Every structure is written in C-alpha cells, then in structure tokens.
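The values are calculated or read from the model by the stated rules, or taken from the named source; none is laboratory data. What you are looking at is a predicted structure, and each value in this text was computed from that prediction instead of being measured. Cβ placement follows ideal geometry from the backbone for every residue including glycine, while neighbour counts extend to all protein chains displayed. For the accessible areas, the whole protein counts, side chains as well, though only heavy atoms, and no ligand, DNA or RNA atoms are used. Shrake-Rupley method; radii C 1.70, N 1.55, O 1.52, S 1.80 Å.
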Amino acid sequence: MNILLKSVTIVNGSTNHLHLKKRDILIKNGIIDAIESTIEPSGKTKVIDIKNLHVSIGWFDSGVNFGEPGYEERETIENGLLTAAKSGFTDVVLNTSSHPTPDSASDIVYLKNASKNQLTNLYPLGNLTVKGEGEVLAEIYDMKNAGALGFYDYKAPMGNANLLKIALQYAQNFEGMVFSFPLDKSISGKGIVNEGITSTKLGLKGIPTLAEELQIARDLFVLEYTGGKLFIPTVSSANSVKLIADAKKKGLQVFCSVAVHNLTITDSELENFDTQFKVMPPLRTSADIKALQKGVKNGTIDLVTTDHIPLNIELKHVEFDNADFGTIGLESAFGTLNDIFGVEETIAILTKGRSIFGLDEPEIETGKAANLTLFTTEDTFEFSDEHIYSSSKNAIALGKTLKGKVIGSIRNNQIILNK
C-alpha cells in the first residue's frame, strides 16, 4: 500500500529539523519512503490532502480498559483497538480489568493473540497478585516473559505493605514494573466523591485526598527501602504531586500518570448528580487541577492517560450511589488536552512514555516504519454521541467543547481514517 500525505505540518519536537515544517510524506508498504517539499503521486497511491493537516508519531496511552474477556458487551479487543486507532493512539497498555483477570502467562498470550493484525498495538499488564485479590503474588516472572509490560491489580489498593516490598524486590531480577493504586481504603471507606464543599452540599460520602497521599507516602517509603521500579497510576491531588516530585529528587525510580478528566474537570460538575462524572480517583478541586497541570508541564507526572473504561448503560443509569466508577476517554483526549495545553505541548504529552516500559520510540524519518497520527488543530466542536466509536457510551466529555480533530492513524502497513 502506498500513501501520500500532502502538505502536512510535522509536529515532532524531538526532530528539530522537521518540527513544524510543512512537507509531503510518501509511505510505501508501511515504510516512510520520502519526506520532501513536494512529491507527485505515481501509480496506485492513496493521496490524503486535507486543510490544516498535521502529523506526529503515533500516540501512546499507558492505561486503557476493554471488556474482553468476560465483558465483551462493553468492548471487544477488536473494537477497542479500532477506537484507539480512530482516536490517534497506535500503542496502548491494557489494564487488568477483564474477567477473569490476567494472572498467568497463558492469559497474557491470549490477550496478545487476540490483538494481532490490528493497526494499534496492544501491550497487556498482568495482575500483581492472584485474581487481583492482594493476597498471593502472581506469576509475574512468567507473565513478563510472555509479554506483560508490568503488574497491576487494577484500581485495587495494595493493603499488604510487605507483599508490595516482596514484589518490588523480586521484580528487580527482571526489570519488572510494579503498579500500586494510590488509595488507603481505611481512610476512603465508602466514599464515592471528593471530600469537600461539594460532597457536603450534596450529601455524598467523600474521599479525602489524604487517602491517596497516605498510600503514596507508604509506597514511596517501601520503594526507598527495596529499590526497583514503581508506577503510581492516576494521581489526583496537589500533595500527591509534591510527594512524587520529592521522591524523584531522591533518585527513586518512581513513575506516575494522571487521567485526562482529572486534569480538566472539578467536582463542582457533580451538582446535577450526573453519573458520567463518577470516576476513581474522584474529580477534585481547581487547586488540585492547577497542581496536576503544573506537574505534567514540569515532568513530575510522567504520563497522561485516558483511563478509558467502557461500561454497560445499566451500570451508569442508576442512582449516583449505585453507579460504577469510570468513563471512556480515548475519543475526547486530544481535543481536551489541545484546548488546555496547545498543540505542541499536547503532542509531547501524547507521544511520551514508551521508553518507561522499554518500548521503541517511533521516528518520522525516511527508512523508518510509519507509526503516525493525523490530526487538525483548530476545529472546535461539541463532543456528542456521534464522536464516540466505543461500544459503550459512558463519556464524561459529552457536551464539552473540544479543540482539534483526529483524522486517523497509520501503522503496521494499515491506515484508518475517520469519516
């Protein structure tokens, strides 16, 4: 397959001689064949010529959820990866939220086989403990050899500090990445939203930021004792950012992420009891958002994730107390971030992080495999159901104004374009 991208603006801060240059790019059989001021199409070539078209290396998401296996009605792996490709993501890390959860090498092999021959590459995580129950360490070495990028009991806090210590010590033997969800359940109790003015006004049980920060502080003490690599997913408070910044200054190998919605939406949105805004960790305050955005900009927060969680309609269309936590986010991530950070910083955010997991970084260079995302930067639109590609429609961004549109993705000698 030959593809010619006409007059595209290349956004690639790591390659200074091409950054923000407008070029034609010819791709032959999945390889970038030429990057020139003007290239004329020849033979059977698919020409893409769109006003304000931009291109970057393919985007990376460190935390998505699909339903398969067990919850295929929410999202199959095939449609989940198609959604990712249409949303600009060419590499995604799959969380351990399926049923059964992946806690053996054969589970990892199943997930990798189920995702073969897709444009977007899927990299599964394996459970840190058997069945994600936090009691017995899973077969993490075998899962690592089968292709697991790290080990995470999805959104299940590790209550046993000694087991976390053992996991960090053991995983050092094979450069394994241990995940620990930042929540002290003895503090959070039955809370469902951020503890503060909004929760008090609405009469909803609150989760103080202390529940997150105590867990992070404990985990960082354990990491300092053991060494190894620790990943803290989806932080949400200002003090969490400070704790992690201080740990990085000590030289600890600690990495963290923040969800797009925790960067942009405050708990004041809960006043209508809309269950789309029920997420974990909960939406926090404007002061937390300010600190989180600063943490992204200065590098304390390593990754921004969509934390994409498809859910059945009946899990959201219930009373707020009974609704499940979670929102889909792949489709709205770019438009949300672009409106806040601008195009150059947004692309830097969406393309960083592969090296943390030992994955190769794509390049926009002749002779390199084409791993590209196509997008425009100036279109503004109201996000609605028609912009959702996921099987589930539980989107926190519904009704929000987004800036910039994803046109499609190119990878693995495939191209997927949005209509």
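Using a 1.4 Å probe over the heavy atoms of the protein chains, calculate the carbon and sulfur portion of the accessible area of region 195-342 as a whole percent.
Numbers: 2960 of 5690 Å².
Ligands and nucleic acids excluded, carbon and sulfur reach 52 percent.
Keeping every protein chain present and rolling a 1.4 Å probe, give me the accessible area per residue for the chain in Å².
With all protein chains present, the chain gives 41 Å² per residue.
Kirkwood Rh over Cα pairs of region 180-256 into Stokes-Einstein at 25 °C, 0.890 mPa s: D in µm²/s?
This corresponds to a translational diffusion coefficient of 188 µm²/s.
If R0 is 22 Å, what FRET efficiency do you get for Ser384 and Glu314 from their C-beta distance, rounded to 0.05?
Efficiency, from the Cβ-Cβ distance: 0.55.
Counting alpha carbon pairs within less than 8 Å and at least 6 residues apart, what relative contact order, in whole percent, applies to the chain?
Normalised by residue count, the contact order of the chain is 19 percent.
If the cut-off is 15 Å between C-alpha atoms, which aspartates and glutamates fall inside it for Lys400, apart from same-chain ones fewer than 8 positions away?
Of all the aspartates and glutamates, those that pass the test against Lys400 - Cα under 15 Å, at least 8 places apart if same chain - are Glu269, Asp274, Glu331, Asp339, Asp379, Glu382, Asp385, Glu386.
What is the magnitude of the charge dipole of region 7-59 about its Cα centre, with +1 placed on the Cβ of each Lys and Arg, -1 on the Cβ of each Asp and Glu, and no other charges, expressed in debye to the nearest 20?
Result for region 7-59 is approximately 120 debye, rounded to the nearest 20.
Each residue of region 281-293 in turn: what ³J(HN,Hα) in whole Hz from Karplus with 6.51, -1.76, 1.60 and θ = phi - 60°, glycine and Pro shown as x?
With coefficients 6.51, -1.76 and 1.60, one gets x, x, 4, 10, 9, 5, 5, 5, 4, 4, 5, 5, 4 Hz.
How big is D for region 233-308, in µm² s⁻¹ as a whole number, if Stokes-Einstein is applied with the Kirkwood radius of its Cα pairs at 4 °C and 1.567 mPa s?
It diffuses with D of about 103 µm²/s by this estimate.
Tell me, what ³J(HN,Hα) does each residue in region 161-168 have, in order and in whole Hz, if you take phi through Karplus 6.51 cos²θ - 1.76 cosθ + 1.60 with θ = phi - 60° and put x for Gly and Pro?
5, 5, 5, 4, 4, 4, 4, 5
Principal axis lengths of region 153-310 from Cα atoms, whole Å, largest first?
Dimensions of region 153-310 along the principal axes of its Cα atoms: 50, 32, 28 Å.
Quote the charge dipole size of the chain about the Cα centre in Debye, to the nearest 20; the model charges only the Cβ of Lys and Arg (+1) and of Asp and Glu (-1).
Its charge dipole is roughly 860 debye.
Once you put a point 7 Å from the Cα of Glu363 and another 7 Å from the Cα of Asn418, both along the Cβ direction, what distance in nm separates them?
For Glu363 paired with Asn418, the spin-label model returns 3.0 nm.
Count of lysine pairs in region 236-388 with Cα atoms under 30 Å apart, counting only pairs 8 or more residues apart in sequence or on different chains?
The number of close lysine pairs in region 236-388 is 29.
Computed over the Cα atoms of region 220-368, what is the ratio Rg over Rh, Rh following Kirkwood?
My calculation of the ratio gives 1.01.
Which of Gly176, Asn113, Leu163 sits closest to the plus end of the dipole of region 83-184, meaning its Cα is farthest towards the positive end, when Lys and Arg get +1 and Asp and Glu get -1 on the C-beta?
Result: Asn113, furthest along the dipole toward the positive end.
Relative contact order of region 119-213, please, whole-number percent, based on alpha carbon pairs below 8 angstrom and at least 6 residues apart.
22
Where nothing but the Cβ of Lys and Arg (+1) and of Asp and Glu (-1) is charged, how large is the charge dipole of region 64-190 around its Cα centre, in debye to the nearest 20?
Values: 10 positive and 15 negative charges, 55 e Å.
Charge dipole of region 64-190: 260 debye, to the nearest 20.
Once the chain is represented by equal point scatterers at the alpha-carbon sites, with solvent omitted, what log10 I(q)/I(0) does the Debye formula produce at q = 0.06, 0.07, 0.10 Å⁻¹?
Rounded to two decimals, the profile gives -0.23, -0.32, -0.66.
Among the lysines, which fall within straight-line cross-link reach of Lys51, defined as a Cα-Cα distance under 18 Å, with same-chain neighbours fewer than 8 residues apart omitted?
Lys6, Lys21, Lys22, Lys403, Lys405, Lys419
Based on alpha-carbon centroids, what's the gap between region 315-360 and region 1-52 in Å, whole number please?
27
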